[in-house]
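Bear in mind that the values in this text are calculations on the coordinates, not laboratory data. Predicted model, so just to flag it, every value in this text is computed and none were measured. Here the Cβ is made from the backbone with ideal geometry for all residues, glycine too, and neighbour counts use every protein chain on show.
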Amino acid sequence: MILTFGQSGQLARELAPLTGGACLSRAEVDFETPGAIADAIAHHRPEAVINAVAFTDVDGAEDAQDRAFRVNEAAVGELAQSCAEAAIPLVHLSTDYVFDGSGSRPWQPDDPTGPLNVYGHSKSAGETLLRAAQGPHVILRCSWVVSPHGRNFVKTMLQLGSDRDTLRIVADQIGAPTAAHDIAGAALSIARQLKTAPEKSGTYHYQAQPHASWAEVAREIFEQAGITCAVTEIPSHAYPTPARRPLNSRLDCSATEESFGLEMPDWRVSLKQILVQLGHA
């Protein structure tokens, strides 16, 4: 059994049908309760674990630092230690926000991190504890997760674009929206491979292609959904938020492709599938 921590988030909801529903909810395992994770590992004795739990409210983390670090750092350390002690492969989802967003070249997995916000710092700290546990693991950094579930950019644009004639969208943050369904499939494939090839352990990137700005993504959403809404491009400083966002969220995924035989998806194709599920295509 491959066990997923998380049940209601975007990624966990896509993993559930792929893993036969072996997903633990917060009611079953609270990442803010010390000892709960170790008890769950001992009880279920999984063949591999995928961690889809995180404090993901980027702006909210600025005022909830203790919770963000408890879930994204301390709990990840506990999970990593429990898995390492039992030699259980662990796939942990992380983020492009561990980088400072400088430059324009895609970030390599071994590039120095430099988070701009509390969320990024907490995720980076969790990565550090996971590596220190020295068990078979993959840290899989992704970007701009979208799906038919929860809150995300696609659903926000569909709502706002249907109500307005024009929207001002940030155009100097470059990355790629990556579908939770695609990430789930990749994480599951990696978990299965780690069971027989623990030497593949390490930090990897998984990001859809091609790279684009939020403004470009918004235009594609409107075009595919048949929504008439003009997009006015603005710089990040014209849309201030509590947490700073990196400008360059491009991720180099070549190591992931080479080590695990995974092809990076085209986000425009994945977007079409999301829109179909949402009844907008």
Just to confirm my numbers, what's the Cα centroid distance between the stretch 27-83 and the stretch 246-281 in Å?
26
In nm, to one decimal, how far is the GLU28 label point from the SER254 one, both placed 7 Å along Cα→Cβ?
4.1
Hydrodynamic radius of the chain per Kirkwood, over alpha carbon pairs, in Å:
19.1
Based on the Cβ-Cβ distance from SER104 to GLU47, what FRET efficiency comes out when R0 is 45 Å, to the nearest 0.05?
0.65
Using θ = phi - 60° and the Karplus curve 6.51 cos²θ - 1.76 cosθ + 1.60, what whole-Hz ³J(HN,Hα) does each residue of the stretch 217-226 get, with Gly and Pro shown as x?
5, 4, 4, 5, 4, 5, 5, 5, 8, x
With an 8 Å Cα cut-off and a minimum separation of 6 or more residues, compute the relative contact order for the stretch 6-128 in percent.
26
Based on the Cβ-Cβ distance of GLU62 and GLN277, what FRET efficiency does E = 1/(1 + (r/R0)^6) give at R0 = 41 Å, to the nearest 0.05?
0.80
Helix 180-196: inclination vs the chain longest Cα principal axis, degrees, rounded to 10, gives 20
Within the stretch 199-221, the residues whose backbone N lies under 14 Å from a label point placed 7 Å from the Cα of ALA238 along the Cα-to-Cβ direction are 214-216
